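Working notes, structure below.
The values are calculated or read from the model by the stated rules, or taken from the named source; none is laboratory data. The shown structure was predicted, so the numbers you read here are calculated from the model rather than taken from an experiment. Neighbour counts run over all protein chains shown; Cβ positions are idealised from the backbone, glycine included. The accessibility values were calculated without ligands, DNA or RNA, using every heavy atom of the protein model including side chains. Shrake-Rupley method; radii C 1.70, N 1.55, O 1.52, S 1.80 Å.
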Amino acid sequence: MSDTSTHTPVIEIHDLHKSYGQLEVLKGVSLTAPRGHVVSLIGSSGSGKSTLLRCCNLLENSQQGEILFMGEPVRWKGQGLARLPADRAQVTRIRTQLSMVFQQFNLWSHMTILQNVMESPVTVLGQNPAEVEDRARKLLAKVGIADKADAWPAQLSGGQQQRAAIARALCMEPKALLFDEPTSALDPELQQEVVKVIKDLAAEHRTMILVTHDMRLAADVSDHVVFLHQGRIEEEGPPDQVFGAPKTERLRQFLSATMAV
């Protein structure tokens, strides 16, 4: 008998609506991130990409719609702008299994790189520090900065800091990784260091949702690409279709502007 959990999507979102006061940012978005798949979110600034990502791990509260993690629906109380998660313990449990990598690296400046990577598994999950340190050092080697374990964040380049942030996310052993514009704060030559790490993770069939302005990265690593426009999904599909044969004029215009050499 097969394990049905392997077929359950890590994240499912159905008809999600999100407003900031009178401003409706998401207008009924649905999204599925199957296990082992990379889903990329593309679109112009202000289209709702980052907001959708933050709603995925409950950093933002949505006003309508359903969010499921490993088939388990998030429980809510209240309605509309007053809607809040009903079970804080559930929120905490879900967040520990969804690691987010931000545009700005968000490393703790008063901790070494190794301490940054170890902090959450030790303090949040209560794991054995010796075991976590072993895992953290292997992850720093994996992202190519094993020699920076005892350095301070300020001593690292932006690309190195972002790779440290990825190692920190991985050290939680999450069910999915959420990337919010992981290369956009970096100089072009440093972007490629991070792109290589993301490509390596995709090759390992890690479940990832990636918000990016880098169309080549999205085309290279994605199983599914979602194009958001003004808070709605304008078009979605496999990367060869989205980038090679766009169906809508809006997507054609967007790709013409963003992929021009």
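Does the range 1-115 come out rounded, prolate or oblate by the C-alpha gyration tensor, with a ≥ b ≥ c the root eigenvalues, rounded set by a/c under 1.5 and, if not, prolate when a/b is larger than b/c and oblate if not? It is rounded, given that a/c, with a ≥ b ≥ c, falls under 1.5.
Exposed loop sites are taken as GluC sites (Glu not before Pro) in a DSSP loop (any state but H, G, I, E or B) with at most 16 other beta carbon atoms within 10 Å; the longest stretch of the chain without one runs 61-203.
Only protein atoms count toward the accessible area here, which uses a 1.4 Å probe; on the range 220-261, the carbon and sulfur part of that area reaches 47 percent.
With the helix formula -39500 (n - 2.57) applied to DSSP H stretches of n ≥ 4, the chain reaches a computed 222 nm mean residue ellipticity of -10500 deg cm²/dmol. Averaged over its residues, the chain has an accessible area of 46 Å² per residue, based on protein heavy atoms and a 1.4 Å probe.
With a ≥ b ≥ c the root eigenvalues of the C-alpha gyration tensor of the chain, is it rounded (a/c under 1.5), prolate (a/b larger than b/c) or oblate? Oblate is the answer for the chain, as a/c is 1.5 or above yet b/c matches or exceeds a/b.
Full extension of the chain between ARG250 and ASN106 yields a length gain of 48.4 nm, computed as 0.36 nm times the residue separation minus the alpha carbon distance.
In a simple Cβ point-charge model (Lys, Arg +1; Asp, Glu -1; nothing else charged), the chain has a dipole of about 440 debye relative to its Cα centre. The range 65-141 and the range 5-38 have Cα centres spaced 18 Å apart.
Of the residues LEU23, LEU228, LEU140, the one that moves most in a GNM of the chain with alpha-carbon contacts below 10 Å is LEU23. Taking amide H as placed 1.01 Å from N in the peptide plane, HIS229 has its amide H under 5 Å from the amide H of GLU234, each at least 5 places away in sequence or on another chain. The HN-Hα couplings worked out from phi for the range 19-29 by the Karplus form 6.51 cos²θ - 1.76 cosθ + 1.60 (θ = phi - 60°) are 10, 10, x, 7, 8, 8, 9, 10, 10, x, 9 Hz, whole numbers, x standing for Gly and Pro. Put simply, the amide H of TRP76, placed in the peptide plane, has neighbours under 5 Å in ALA86, leaving out anything fewer than 5 places away on its chain. Computed from backbone phi, the HN-Hα couplings of the range 133-145 come to 4, 4, 5, 5, 5, 5, 6, 5, 5, 4, 8, x, 10 Hz, rounded to whole numbers (Karplus: 6.51 cos²θ - 1.76 cosθ + 1.60, θ = phi - 60°; Gly and Pro given as x). Computed from label points 7 Å out along Cα-Cβ, the spacing between ALA154 and ARG88 is 3.5 nm.
Residue-wise HN-Hα couplings along the range 213-226, as the Karplus relation 6.51 cos²θ - 1.76 cosθ + 1.60 with θ = phi - 60° gives them from phi, are 8, 8, 5, 5, 5, 4, 5, 6, 9, 7, 8, 8, 10, 10 Hz; Gly and Pro carry x. Summing charges over neighbours of GLY158, with a neighbour being any other residue whose Cβ is under 12 Å away from its Cβ, gives -2 when K and R count +1 and D and E count -1. Nonpolar atom fraction for the range 23-156, defined as the carbon and sulfur part of the 1.4 Å probe accessible area, stands at 50 percent.
Once backbone amide H atoms are built at 1.01 Å from N, VAL143 has no partners under 5 Å, excluding neighbours fewer than 5 places away on the same chain.
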